[in-house]
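These notes are about the structure you will find just below.
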């Protein structure tokens, strides 16, 4: 190994790395010089920069599933080197669940990347491959209820996860009342989850950052894929606009349960439920130094029911008509411009737009009588961000930038319209005035190589949030370090302070659209957190297996919750409906064992955790278990490739039952006195969340049959959800009769077999 000493001349090698067959940029490619023991990885746009001393060195480019590329370089000056990697001729379903740098060498704690190929091998619920359900199988990540796509990270709530689609926040990532996510797997290129040890470039949430990057589009030839499943069909197309210079990708999905129901339901009933989503992206290489990207997402859930009985309450010639509607959806757009100033300095400028909205309406009409109400709520963002990456020498890699977002909050209003004969009443209850806020931050972080064993990432995040006459300024330090014990063992630690300026008023666990986003105000402070993490990591069996054991402690402040008995229906200010100043704490350990090479791949994850909340006016001011306090959580994920024609995937999950609150006693009351005509029962609840549902466990199995045709590849996917038909609890209620009160469990999903037909061309 050659040592780098003071006085040597240094030069920088930089460029883009892409897929040889499609021209897609590759994220996380390992660029390494064994001679020098220095290396780097490509960023989210496939760009790398590596500074080395003058001399003759070997440079290796490696990425799982691709053939390694090596080149001997005589370095006398700065060098631009673009590389195309070819798919390996011996592709097997290898999985990498950390970045391409091994878990031992990586500086950052609590980060996991899940490749799309692995997500597609996991058995799918109702045939719908789902990114968020795959994330739930990782240690430290929990689901809410049975079948739900929402996720909870290290004791945090659903609002504490920053979900970014091509750098744009997505505020409600659920379809079908939370059972599916909005992310169509056919449009996705990369998935990365950060649970702690947050670098300075991340902010605005307390618990996690989920980065999802869309495909850029094939620059070489036209390609497509589609599928027909149990509840939906989808189609994705991509190809060059100008070969090797510009490309497009478009992907769409729609359910068709409404079409099937309308064909069989009675004539007096119409309507149903469906969702759709559309992803699109354009990619243009202006030059070797400039590239632009334009991407967008559009999706809606629409539920409607109309009943017309043909008769009336006022006269025989009129008709009674009842209708109910519920709709919610997201729209996002991003414009990105990459610019290479020189071999050491790279920038990305992003303009973003995000909108989330929902509405509920209900009406009844009969003759001269009609009644209707409507509830509307939403949130709209406009943002701009510029990020820089600067590599001055082999021992430093700096990232810095600035972000600004304009928020327009519409917490909601309820409109009632009532008329009878010639009387007409139209009343508006406004949940809150529209609120506008300015959200900005500056950040800088430095990846520092102290010596061959010790690397650190040190940074700070300065956030400013202003709304009306109030402003919140917060300096948030970030630190992580890795120390190599030897080539197969390392220890890591991290500390991060986070501030979140948005709150989610939630009535449910599954991300229903009745969850309302609201900002910090003069009376409702931003959420705060401090998190420590310590881990030990190892590789063994020549890198065939990787393992990590990580402990964490997270303290949260200024949490909010609805007051007892309050909800989004209250016709008053939302600020008067919430408890403020809440505290939270979560701590535990996570074990992660993974096999990422060979025909059999997968992982085992185990989480042991404790999560608590405290509010002055809830649970008598005492600490109580958070609803998703789950002591034990186990996930086993395996896939095996028998041949090019057959592969299987299997998952088994186990979790301690969710915490719930039941009455401890019931009292009989006589509101009219001892001689009253009726009896009223009063429940005493005691300690909040002191009871547990039954444990949750489930086994899923999927088999894929591939067949290569002349012009396309066909895949038939068979999957079975809940193979051994476990009656898992969805919710529990009390069944009362004169003799006894019994807790009864409602289970939602029995064993569910599905079949999906897929085609690629």
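Among the listed residues 326, 398, 351, identify the single one that is more than 17 Å from residue 164 (Cβ to Cβ), modelled with pLDDT of 90 or more and part of a strand (DSSP E or B).
Values: 326 fails: modelled with pLDDT of 90 or more; 351 fails: more than 17 Å from residue 164 (Cβ to Cβ).
Step by step, each of 326, 398, 351 is checked, and only 398 is more than 17 Å from residue 164 (Cβ to Cβ), modelled with pLDDT of 90 or more and part of a strand (DSSP E or B).
Pick from 153, 117, 104: which is modelled with pLDDT of 75 or more and out of contact with any strand residue (DSSP E or B) (no Cβ under 9 Å at 6 or more places or on another chain)?
Numbers: 153 fails: out of contact with any strand residue (DSSP E or B) (no Cβ under 9 Å at 6 or more places or on another chain); 104 fails: out of contact with any strand residue (DSSP E or B) (no Cβ under 9 Å at 6 or more places or on another chain).
Being modelled with pLDDT of 75 or more and out of contact with any strand residue (DSSP E or B) (no Cβ under 9 Å at 6 or more places or on another chain) holds for just one of 153, 117, 104, which is 117.
Applying the criterion of being modelled with pLDDT under 85 and surrounded by 15 or more Cβ atoms within 10 Å (Cβ to Cβ) to the residues of the stretch 726-735, the residue that is farthest from the chain's Cα centre (by Cα) is 732. Within the stretch 736-759, the set of residues being closer than 19 Å to residue 689 by Cα and surrounded by fewer than 11 Cβ atoms within 10 Å (Cβ to Cβ) comprises 742, 744.
To keep it simple, each residue is scored yes or no on (1) surrounded by fewer than 19 Cβ atoms within 10 Å (Cβ to Cβ); (2) over 25 Å from residue 341 (Cα atoms); (3) modelled with pLDDT of 85 or more.
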{"position": "37", "(1), (2), (3)": "yes, yes, no"}
{"position": "50", "(1), (2), (3)": "no, no, yes"}
{"position": "70", "(1), (2), (3)": "yes, yes, yes"}
{"position": "93", "(1), (2), (3)": "no, yes, no"}
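Looking at 383, 304, can you tell me which residue is at pLDDT 85 or above and either closer than 30 Å to residue 505 by Cβ or part of a strand (DSSP E or B) (or both)? Working first, answer last.
Numbers: 304 fails: at pLDDT 85 or above.
The conditions single out 383.
Only a single item in (1) in contact with a strand residue (DSSP E or B) (Cβ under 8 Å, 6 or more places away or on another chain); (2) in contact (Cβ under 8 Å) with a residue 40 or more places away in the chain is not met by residue 469, and it is number (1).
For the stretch 641-657, the set of residues classified as touching a residue at least 60 places away in the same chain (Cβ under 8 Å), within 23 Å of residue 597 (Cα to Cα) and surrounded by fewer than 18 Cβ atoms within 10 Å (Cβ to Cβ) consists of 644, 645, 646, listed by residue number.
Scan the stretch 330-343 for residues that are surrounded by 19 or more Cβ atoms within 10 Å (Cβ to Cβ) and closer than 30 Å to residue 394 by Cβ and the total you get is 4. Test residue 226 against the criterion of being in contact (Cβ under 8 Å) with a residue 60 or more places away in the chain, touching a strand residue (DSSP E or B) at 6+ places or on another chain (Cβ under 8 Å), outside any loop (DSSP other than H, G, I, E, B) and surrounded by fewer than 24 Cβ atoms within 10 Å (Cβ to Cβ), and give yes or no. Yes, satisfied.
Scanning for something surrounded by fewer than 22 Cβ atoms within 10 Å (Cβ to Cβ), under 29 Å from residue 731 (Cα atoms) and within 20 Å of the chain's Cα centre (by Cα), does the stretch 490-503 turn up at least one residue? Full working, then the answer.
Just the residues of the stretch 490-503 that are surrounded by fewer than 22 Cβ atoms within 10 Å (Cβ to Cβ), to begin with: 491, 493, 495, 497.
From the residues that got through so far, the ones that are under 29 Å from residue 731 (Cα atoms) too are none.
Checking the stretch 490-503: not a single residue is surrounded by fewer than 22 Cβ atoms within 10 Å (Cβ to Cβ), under 29 Å from residue 731 (Cα atoms) and within 20 Å of the chain's Cα centre (by Cα).
Every condition in (1) modelled with pLDDT under 85; (2) in a strand (DSSP E or B) is met by residue 56 except one, and the failing one is (1).
With respect to the conditions (1) at pLDDT below 95; (2) surrounded by fewer than 20 Cβ atoms within 10 Å (Cβ to Cβ), residue 460 falls short on a single one, namely (1). Scanning the stretch 401-427 for residues that are more than 29 Å from residue 464 (Cα to Cα) and either surrounded by 19 or more Cβ atoms within 10 Å (Cβ to Cβ) or at pLDDT 85 or above (or both) turns up just one, 414.
The values are calculated or read from the model by the stated rules, or taken from the named source; none is laboratory data. These numbers were taken from a predicted model, which means no experiment stands behind them. As a convention, Cβ positions derive from the backbone with ideal geometry for all residues, glycine included, and neighbour counts pool all protein chains shown.
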